[in-house]
Amino acid sequence: MKTGIHPETYRLVVFKDMSNGHSFLSRSTTASKETIAWEDGNEYPLVKLEISNMSHPFFTGKSMLVDTAGRIDKFKKRYEKKK
């Protein structure tokens, strides 16, 4: 690995899966304007995720669709057979 290319300012951040509400605390360098009170009573930056290991079909073993922007409905409406 090259030296000097990795960040040195890791901090604790709460990641929240918006599709099912699951949250977890991890280290990251990502920036966030929002904060959240965590289970230990401290306040940490909050990063919202559309999908995580708790909602991704590969990790859950279930085939589920996560549609955050109505893309599936748009697709079905566009390509449905005309009656």
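Readers should treat all values here as calculations from the given coordinates under stated rules, not as data from a laboratory. In this text, all values refer to a predicted model and were calculated from it rather than measured experimentally. Here the Cβ is made from the backbone with ideal geometry for all residues, glycine too, and neighbour counts use every protein chain on show.
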Ranked by Cβ crowding within 10 angstrom, fewest neighbours first, how are 15, 75 ordered?
75, 15
Förster radius 30 Å - calculated FRET efficiency between residue 51 and residue 3 (Cβ-Cβ, nearest 0.05):
0.30
Identify the GluC sites (Glu not before Pro) of region 1-57 meeting these criteria: DSSP loop state and at most 13 other C-beta atoms within 10 Å of the C-beta.
8, 34, 39, 50
Could you line up 5, 72, 51 from fewest to most neighbouring Cβ atoms inside 10 Å?
5, 72, 51
